[in-house]
1. HN-Hα J couplings of the stretch 162-169 from phi, Karplus 6.51/-1.76/1.60, θ = phi - 60°, integer Hz, Gly and Pro as x?
2. Enumerate the amide H contacts of residue 58 below 5 Å, restricted to partners 5 or more residues apart or on another chain; note that Pro and chain-start residues carry no placed amide H.
3. Under 1.5 on a/c is rounded, so check that first for the chain, then, if it is not, pick prolate when a/b is larger than b/c and oblate when it is not; a ≥ b ≥ c are the square roots of the alpha carbon gyration tensor eigenvalues.
4. Given the stretch 90-222, what percent of its DSSP beta bridges are antiparallel, to the nearest 5?
5. Can you tell me the FRET efficiency between residue 59 and residue 83 if r is taken as the Cβ-Cβ distance and R0 is 25 Å, rounded to the nearest 0.05?
6. How large is ³J(HN,Hα), in whole Hz, for each residue of the stretch 236-241 in order, when computed from phi with the Karplus curve 6.51 cos²θ - 1.76 cosθ + 1.60 and θ = phi - 60°, using x for Gly and Pro?
7. Okay, helix-only estimate at 222 nm for the chain: each DSSP H run of n ≥ 4 adds -39500 (n - 2.57), divide by all residues, round to 500 deg cm²/dmol; what do you get?
8. Over the stretch 3-63, what is the mean sequence separation of C-alpha contacts under 8 Å (at least six apart), divided by residue count, expressed as relative contact order in percent?
Amino acid sequence: MSLKRANLPERRQQRIAQLVRETGSVTVVALETEFGVSPATVRRDLAELERQGKVRRTHGGAVMPGLAQHEDSFQQRLGEAVEAKKRLARAASALLEAEESAFIDSSTTAYYAVQRMLADASNVTFLTGLLPVMDLFSTADPSAVSMVGFGGIFRPLTLSFVGPCTIRMIESYWADRTFFSVKGITPEGQLTEANPLEAEVKRAMIRQATSPVLLVDGRKFGRRGLSVITDVREVALVLAADASEDRMAALAEAGVEVRRV
C-alpha cells in the first residue's frame, strides 16, 4: 500500500473532525457524498474519532463531544406559542397560490399553516414527511388538494420521517415553496435544529424549492440548536411573529426579505 493511500483515512478523519467543529454535527449520508465512500467506511471513521474524543456518535451521524441534544416532542411543541403560530399560518396561506406545490417540514408551525391552507387551497400539492399533516388529508377535499408523503426512518418524538430514503424522495421533486421552521436562529444568521437528521431533511427541502419561506416566532431568535441547517440568506422570505425590532433589522441588513405578522 502506498504512503498516499495509507494517509487517506487520516486525512478524511481530520476533515470530518473539522466539519463537526464548524457545523456542530455531521450525518453519515452527507459524509458518504462528501468523500465518495461507503456507509461502513464513514462509521469506522466516526468510531475512530469518537475513540479519540473528537466527536460523539449519534443515530445517523455525529456531534461535537459534550454537547447535549434537547428536542421537545411534537405534542409538546403543538401547545406552545399557539396564537403566534396561527398568525404565521394565516400569512403563509396567503402566499400559496392556485396550482402551486409546497414542501412541509416537521415543525408544528408548518402544521398549523397546512391546517389553514387546506381551507383556502385551490389545486395545491403538498409534499411532507410529517405524519400529522398526512392525517389531515384523510378529511381534505381531494379535488382541491393532493399530497405526496415521504417515508423513511420514523421518529416517534417528532412524528416525522427522516434518513437516506426521505432525502432521496425529496430530491426527486421540485416545489414552488417550502414552509418550515427551526429550533433557533443564531445572532450570525445560522438556522439550526436540534437533530442532525431533521436538519438534513429541512436542508433538502430548502434546496429543492424555488421560494423557501421561514416561519418563526420571537422565541427562535438567539436560540441555538445543535445542527446547522443553512444560512438565513438561503431563504426567500422570513415571516416573523412577535420578533423585536433589532432582530428584524438584523435580518433585513443581511439582505433577507422579512415580514412581520
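What follows is calculated from the coordinates using simple rules that are stated; it is not laboratory data. Please read these numbers as outputs of a predicted model, since none were measured by experiment. Virtual Cβ from ideal backbone geometry, glycine too; neighbours counted across all protein chains shown.
1. Those phi angles translate into 9, x, x, 5, 4, 4, 4, 5 Hz.
2. 63
3. Prolate shape, in that a/c is at least 1.5 and a/b is the bigger ratio.
4. Approximately 25 percent, going by the DSSP bridge assignments.
5. Here the calculated transfer efficiency is 0.10.
6. Here the 3J(HN,Hα) series is 7, 7, 10, 9, 10, 10 Hz.
7. Working: 10 runs with 108 residues, N = 261.
For the chain, the value works out to -12500 deg cm²/dmol.
8. 35
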